[in-house]
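Student: Handing you this structure, nothing more for now.
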């Protein structure tokens, strides 16, 4: 019953960065397993000339596939949407889908302002994010333990359990000041929390990982070493989890999760208040 | 003609992280200037019991405002959507809005798989992102110049022009290996590119900023110092821009832009191929 794989050109068009429409479009497309999509993102489409150019580019893809291209767009300006909708593609505009209902519901017209997706609307939230990103960089991998009382959360875990990207994401997306400290085999063999962690126990959050997945990741980095051996991966993970259990440190398995998901779950589990939107 | 400010409770509900629905919802809401929204994000809603709980939480907000709450959701499962739609709110589901049209267009049913927004579908792209984030951290603020040939782009600019967050975002979102090097007043007074930059001239991208905005940012950090004085800010920006012009280095004004926007524009201007989606 599986149909032949078919190709489809997909365009993500935005009057802003295109990051949101791309994520949304990709999520929708991921629901269709048997279709192979060839995607392109066209950001910062803000005037008529640009919209005409995009429509032409979309039309150029017509005929390359068996079926017409699909366009996901976020264009606040109805004039630009109109130009794009004249192309021979299926155009799905996210503004168009909701803005009318919202105008009705809110009893007011929308401002049709462009590029609001990632506008710097809140300078304080912006400063929080920047400050948090710098904090994460300066407190990566066990650095800057003297400032741990300024951290909102301190991620701990074995090497390659996902600490660094999670810290950076928590900072960038949510404005949270995050540090991370590696549970090296040396730390783990002592079976006790190092003093900077012990002094900040309430701020700790553990990341753990399936030993086999860990072995794969470490092998890509340093193949054939003790560091990436199955036994070492198993032992480290077991000892780290024992440490979490012993000290009642909340923890999360990162094996099958994306950075976005790990960060969102840490936010949810810690109950931390985000500073950026 | 301006109506009184009104309050509205808004919920962002997702079977995944909620990051996309939140961004999208906030962008739509930002079109309505006269309404004050009180927002909450409820991520990882994946079973019926959770959906029932969310519906109850939404209904608890009914009556707190003059008007009913608004729910933006991304729920791939139609059963969960149904539960939520029984609440007394305006429910706008992004899946519902598009999935039917897409099924028709693609001549196949969707898989209705949950949490696909940030799923780890592509392990290679995941590794690229993590590697790029670590590269950005290890090559922040002039560090690791010996590896500059491994950088895809090297951001240069005066202190507080936005280099660090842009590097981190380029790495996290697009998997691009980015370094950054500060144009200090010492560097600028020499009016010549330092040798690590000269050797990698084709990788350079300049960030510039309005001197008055720079003064504001620096003043928050170190008020009343020479570093944050209007004349120093003006001189540094002028000298940095002269350096960009002299060496034909492409550059971008970051004054009114968000990190997402700066990063997206750098990607577009450099023509770099992204490694992560």
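Only the coordinates and a few stated rules stand behind these numbers; no lab work does. Note that the structure is predicted; figures quoted are calculated from it, not measured. As a convention, Cβ positions derive from the backbone with ideal geometry for all residues, glycine included, and neighbour counts pool all protein chains shown.
Student: What ranking do B:188, A:207 get, fewest neighbouring Cβ atoms within 10 angstrom at the top?
Tutor: Least crowded to most crowded, the residues run B:188, A:207.
Student: Label-point separation (nm) for residue A:225 and residue B:238, each offset 7 Å from Cα along Cα-to-Cβ?
Tutor: Result: 5.1 nm between the two label points.
Student: Also: Please work out the C-alpha center-to-center distance from region A:208-260 to region B:201-221 and express it in whole Å.
Tutor: Answer, in whole Å: 41.
Student: Let me ask something additional. Kirkwood Rh and Cα-based Rg: tell me the resulting Rg over Rh for chain B, rounded to two decimals.
Tutor: 1.09
Student: Okay, next question. So between residue B:88 and residue B:111, what do we pick up on full extension, going 0.36 nm a residue minus the alpha carbon distance?
Tutor: 5.4 nm
Student: Pairs of Cα atoms under 8 Å, at least six residues apart: use those to get the relative contact order of chain A, whole percent.
Tutor: Computed value for chain A: 15 percent relative contact order.
Student: Would you calculate, for the protein assembly as shown, the mean residue ellipticity at 222 nm contributed by helices, counting each DSSP H stretch of 4 or more residues as -39,500 (n - 2.57) and dividing by all residues, to the nearest 500?
Tutor: -14000 deg cm²/dmol
Student: Within region B:253-277, which residues have the backbone N less than 15 Å from the label spot 7 Å out from residue B:212 along Cα→beta-carbon, could you tell me?
Tutor: Within reach of a label on residue B:212, which here means backbone N under 15 Å from a point 7 Å along Cα→Cβ, region B:253-277 contributes B:255-256.
Student: Give me the Å³ per residue figure for the convex hull around the C-alpha atoms of region B:6-106.
Tutor: Per residue, the Cα convex hull of region B:6-106 comes to 94 Å³.
Student: What are the nm distances, shortest first, from residue B:245 to its equivalents in the other copies, labels at 7 Å along Cα→Cβ?
Tutor: Going from nearest to farthest copy, the values are 6.8 nm.
Student: Take peptide A:8-19, look around each residue's Cβ out to 10 angstrom, count Cβ atoms belonging to other protein chains, and average those counts.
Tutor: 3
Student: Here's another thing I want to ask about it. If the label for residue B:104 sits 7 angstrom from Cα along the Cα-to-Cβ line, what are its distances to the same label in every other copy, in nm to one decimal, shortest first?
Tutor: 1.8
Student: In the P(r) worked out for region A:190-264, what percent of Cα pairs fall beyond 17 Å?
Tutor: That tail contains 52 percent of the Cα-Cα pairs.
Student: Now for a separate question. Expressed as an acute angle from 0 to 90° and rounded to the nearest 10, what is the orientation of the C-alpha long axis of helix B:163-174 relative to the principal long axis of chain B?
Tutor: Helix B:163-174 sits at roughly 50 degrees to that axis.
Student: Further question: Could you compute Rg(Cα) / (2.2 N^0.38 Å) for the protein assembly as shown, with N its residue count?
Tutor: Cα Rg divided by the expected 2.2 N^0.38 Å: 1.00.
Student: Sticking with this structure for a sec: So if we plug the beta-carbon distance of residue B:53 and residue A:274 into 1/(1 + (r/R0)^6) with R0 = 22 Å, what FRET efficiency do we get, rounded to 0.05?
Tutor: So the FRET efficiency works out to roughly 0.55.
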